[in-house]
Amino acid sequence: MCQGIAWFSRRWFIGRGRKPRLTKAQRKELREMIEQGPQAHDFNCGVWNTAMINELIKLKFGVSYNERYLARLLKKMGLSYQKARFMSDRLDEKEHLEQRKEWIEKTLPGILKNHPGAALTPVATETEETEETARLVV
């Protein structure tokens, strides 16, 4: 009779499903380690990838994840996947600077017209200290 009552009170599903491999405290610690960057954890690369994060989890917590699932786990933790923009090495440096100047002088002001809260702030680049570029601040 007691089992019938549990069925009606919908307690029959409690405890089902796979238990998480990392606890909430471990996930919080993992997030802090990821925010410190890969070089703080003896990786030679400047940016994280899922294989490196998986290796970090194995070393620190003794748990292994599929790399494809790891991207979903990181998203659940509030982290996002970002990819660097490809720039052709065949592009001439002078041509690149011309395209950049055109973007700053023509395209960027058009974008700023459509966004009333945006403003331009001058920023000197590392490679060209004399030339000032603009950064979009929203």
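What to note about this one:
- Electrostatic tally near Glu32: other residues with Cβ closer than 14 Å to its Cβ, Lys and Arg +1, Asp and Glu -1, net +3.
- The residues neighbouring Phe61, those whose beta-carbon lies less than 11 Å from its own, together hold a net charge of +3 under the Lys/Arg +1, Asp/Glu -1 convention.
- The local environment of Met77, defined by Cβ-Cβ distances under 12 Å, has a net charge of +4 under the rule Lys, Arg +1 and Asp, Glu -1.
Computed from the coordinates by the stated procedures, all read-outs in this text should not be read as laboratory data. For clarity, every value in this text was computed on a predicted model and none was experimentally measured. Please note: Cβ atoms are built from the backbone with ideal geometry, for glycine as well, and neighbour counts cover all protein chains shown.
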